[in-house]
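Notes to accompany the following structure.
The values are calculated or read from the model by the stated rules, or taken from the named source; none is laboratory data. Nothing here was measured: the structure is a model prediction, and the numbers come from that model. Methodologically, a virtual Cβ is constructed for each residue, glycine included, from the backbone with ideal geometry; neighbour enumeration extends over all protein chains shown. SASA here: full protein model, heavy atoms, side chains in, ligands and nucleic acids out. Shrake-Rupley method; radii C 1.70, N 1.55, O 1.52, S 1.80 Å.
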Amino acid sequence: MTAIPFILLILAVLGGYFINRMAAREIRDTGNRLHSLTSYHGMFSALMILVPVLTFILLWLVFRGPLVDRLVMGNLPDGVLDNLGTGAIQLILAEIKSVSRGVIFGTPEDWKFAAADHFVALNKRADWLLVVCAGALSLALMYFARSRVTAEFRARQGVEGIISGLMIFCSVVAIFTTIGIVASLSYETYRFFEMVPITEFLFGTSWEPQIPIREDQIAAEGAFGWLPVILGTFVITFVAIVLAVPVGLCSAVYLNEFAPRKLRSVIKPLLEILAGVPTIVYGFFAVLVVAPAIRSFGQSIGLDVAPNTALAAGGVMGIMLIPFISSFADDALSAVPQTLRDGALGLGATRAEMMLNVLFPAALPGIVGGVLLAVSRAIGETMIVVMAAGLIARMTINPLDSVTTVTVQIVTLLIGDTAFDNPKTLAAFALGMMLFLVTLMINIFALRIVRKYREAYD
Amino acid sequence: MNDMRKIERDVHMTDLKIKARGVNVHYGETHAIKDVDVDIVDKTVTAFIGPSGCGKSTFLRCLNRMNDTISICRVTGQIEIDGRDINDRAVDPVQLRAQVGMVFQKPNPFPKSIYDNIAYGPRIHGLTKSKAELDEIVEKSLRRGAIWDEVKDRLNDSGTSLSGGQQQRLCIARAIATQPEVLLMDEPCSALDPIATAQVEELIDELRRDYSVVIVTHSMQQAARVSQKTAFFHLGHLVEFNNTGEIFTNPQDSRTESYITGRIG
Ligand SMILES: Nc1ncnc2c1ncn2[C@@H]1O[C@H](COP(=O)(O)OP(=O)(O)O)[C@@H](O)[C@H]1O
Ligand SMILES: [Mg+2]
């Protein structure tokens, strides 16, 4: 049934294309000079029909469901919904729908059968209405497009206008999605700060996100100070960056300047494979290999090492970031003009001196930008730390200790039975908001540096 | 007595600086330089002219072994500077490039301060013992590059902030700072406007007093203005090599004649 409007649409688009094209040909064959090629006239008609009708059908399909639901519920006999909460009303609606599909549990009341019939009838009517409306709209647009065909009509620009409109729409989708995400996040965060003072959240040094389940429970006052959590994030990020930056840079320098072409053609794809490994696999690696290794090594030299250390999680995250930093640095180094290399070599610098004194400073802004992007990825990384970092928030910067991170806390807060009206759950949104702000600032800063750098050589 | 000294000076004037015999260069399968013999005299300007792609740059780059930096490039034959074979195993190409300076087609100042641009060569070669000595070399080189007056108040500005012509003179000064004996210039004026070109040409004429200069140029007028010797390359061959005046007024080879009268190019 839903296929019919789409088939109609396709027919209308094809029809519009050929009708307009034919009309344009006729004008041409009577000896007039057309402004646009006949195929542009056809395309103009096709797009004129396609874009509005497709939008109309999609909107209809999106809004039909809720609309039909409301009509059905509004038409129930008086009194049956009195004194019921939203949850119960939803259940009744679900029951009516399953009855309408012929799935019947127990013995529903008669009014539910009536409502189910109503539901089916409404849906059928909506389907037909859609077909009629889409058909009528297509015809109207086809007629409109046909009426535009004249020798002077600038169908070429018309098509271009419609297509650039589509492209604008596509690029705006991402922006509006971001705005939507931030808006919903902000709302939940606001609700959290109504329950927990913002100063306690920002400056508190204790993170124990429990809430009393019963009124009389003892020791159940939760504490929502995010400092130990963000500190844990920073410790792990620091470990990751300390590992990833030197290794990534050295490999980029080697690949860019010293590696024989053959070796480069082997190593580069390998690095790209490393970049494509799912982070959960890195998580396994951290838990099963790195953490036990660090622990047993630490104990063998008499250190007190936690089972899930920041060092293990951060180290594996660092490995994950190596290809990221390496490819960024490789790009930055490759972007330094050949003339600068020649200049340094021509003065009698060795390759290493050229690299260190000339290429590296010239590529530095690009490299710094890449490192900052890596930092923001490390801060937002979730899977590795969920598997390999701890759960308890501690104010510590000792990498051999177990720390937790913002992302880990968000995951644990939202796992299990959650109701969206207590601070424990809402805290996750506040943490998410802070994470978003921190990485946003780092990204803006990084992009700014990278842009500045591009200007220097273009 | 007097005559003796005059003869001595004449010999000195025609001192051989660079002697190339049977030089061949291949880029992979491409045979870019074919059996070239050249003698380059000290304290003169030698111009390489010829249609583009004929191998002028390639040959120039043989003289300081810059072709070593291109992996597919293979150079054979004998090139001597002051009687020493530069392709000998004992010669360090890095040292050689300090001795044979190079200026490129496009001005390529490092994105460092003007001072550091000039000081780069002396620093990596350890030519100075103190900051004062380095300051002196920087000033001397900038003066020699005829750009001192324009930059003396802004030595800490970035080298890339200068105009194109200033950048090119900075690059010449940078090459001079390593105290080379030969200066190679690959179309040093092709990215410059006429006024900057005139300044650089004047500078080249100046430099002749201390260095032997080899300049690649696509402009025959420039070759005629600045050089004493001219070599005409065509399709990888050295077609004709003579005093500049001879080449332009009385070419021996028909290809040279066609080129300088504008029929091939
Ligand atoms: N890096 C290179 N790789 C491969 N071929 C090159 C390279 N540089 C120059 N060549 C080739 O060598 C020949 C001479 O080039 P070049 O010396 O640059 O000529 P010119 O400077 O006289 O214009 C040309 O055929 C060119 O294609
Ligand atoms: Mg050239």
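What to note about this one:
- Residue check, residue B:219 of a type outside the set (D, E, K, R) and either under 22 Å from residue B:46 (Cα atoms) or more than 14 Å from chain A (Cβ to nearest Cβ) (or both): yes
- Count of segment B:16-25 residues which are within 16 Å of ligand 1 (Cβ to nearest atom) and open to solvent by 20 Å² or more (accessible area, probe 1.4 Å): 1
- Residues (open to solvent by 10 Å² or more (accessible area, probe 1.4 Å) and assigned to a helix (DSSP H, G or I)) located in segment B:121-133: B:123, B:124, B:125, B:131, B:132, B:133
- Among residues of segment B:187-211 being farther than 15 Å from residue B:43 by Cβ and in contact with a strand residue (DSSP E or B) (Cβ under 7 Å, 6 or more places away or on another chain), the one that is nearest to ligand 2 (Cβ to nearest atom) is B:187.
- Taking the listed residues A:364, A:372, the one that is open to solvent by 10 Å² or more (accessible area, probe 1.4 Å) and away from chain B (no Cβ under 14 Å) is A:372, with no other qualifying.
- The set of residues from segment B:52-74 being more than 16 Å from ligand 2 (Cβ to nearest atom) and buried (at least 20 other Cβ atoms within 10 Å of the Cβ) comprises just one member, B:65.
- Scope segment B:81-134; condition among the aromatic types (Phe, Trp, Tyr) and facing another protein chain (nearest Cβ under 8 Å); matching residues: B:104, B:110, B:120
- Taking first residues from segment A:325-353 that are more than 7 Å from chain B (Cβ to nearest Cβ) and partners that are open to solvent by 20 Å² or more (accessible area, probe 1.4 Å) and small (Gly, Ala, Ser), the Cβ contacts under 8 Å between residues at least 6 apart in sequence or on separate chains come to A:326/A:251; A:327/A:275.
- Looking at A:245, A:266, just one residue is at pLDDT 90 or above, in a helix (DSSP H, G or I) and buried (at least 16 other Cβ atoms within 10 Å of the Cβ), and that residue is A:245.
- Selection from segment B:227-262 of residues that are within 15 Å of ligand 1 (Cβ to nearest atom) and open to solvent by 60 Å² or more (accessible area, probe 1.4 Å): B:235, B:237, B:255
- For segment A:375-397, a tally of residues being open to solvent by 30 Å² or more (accessible area, probe 1.4 Å), part of a loop (DSSP other than H, G, I, E, B) and in contact (Cβ under 8 Å) with a residue 60 or more places away in the chain returns 4.
- Considering each residue of segment B:26-42 in turn, none proves to be surrounded by fewer than 16 Cβ atoms within 10 Å (Cβ to Cβ) and modelled with pLDDT under 90.
- The listed residues are A:294, A:325, and the only one of them that is open to solvent by 10 Å² or more (accessible area, probe 1.4 Å) and in the same structural domain as residue A:369 (by TED's automatic domain parsing) turns out to be A:294.
- Here segment B:77-86 is the region considered, the condition is being open to solvent by less than 60 Å² (accessible area, probe 1.4 Å) and of a type outside the set (Gly, Ala, Ser), and the residue that is farthest from the chain's Cα centre (by Cα) is B:85.
- Members of segment B:26-45 found to be within 16 Å of ligand 2 (Cβ to nearest atom) and touching a residue at least 60 places away in the same chain (Cβ under 8 Å), listed by number: B:32, B:33, B:36
- Cβ pairs under 7 Å, 6+ apart, first in segment B:52-79 and within 11 Å of another protein chain (Cβ to nearest Cβ), second assigned to a loop (DSSP other than H, G, I, E, B) and small (Gly, Ala, Ser): B:72/B:28
- Condition check for residue B:49: under 30 Å from residue B:251 (Cβ atoms), more than 11 Å from chain A (Cβ to nearest Cβ) and away from ligand 2 (no atom under 16 Å from the Cβ): no
- Of all residues making up segment B:146-178, the number that are within 13 Å of chain A (Cβ to nearest Cβ) and surrounded by 17 or more Cβ atoms within 10 Å (Cβ to Cβ): 13
- Members of segment B:212-226 that are in contact with a helix residue (DSSP H, G or I) (Cβ under 8 Å, 6 or more places away or on another chain) and either open to solvent by 10 Å² or more (accessible area, probe 1.4 Å) or within 15 Å of ligand 2 (Cβ to nearest atom) (or both): B:214, B:215, B:216, B:217, B:220, B:222, B:223, B:224, B:225
- Annotation note: of A:64, A:156, the sole residue that is assigned to a helix (DSSP H, G or I), touching a residue at least 12 places away in the same chain (Cβ under 8 Å), touching a Ser or Thr at 6+ places or on another chain (Cβ under 6 Å) and open to solvent by 40 Å² or more (accessible area, probe 1.4 Å) is A:156.
- So residue B:184, is it buried (at least 17 other Cβ atoms within 10 Å of the Cβ), away from chain A (no Cβ under 14 Å) and within 16 Å of ligand 2 (Cβ to nearest atom): no
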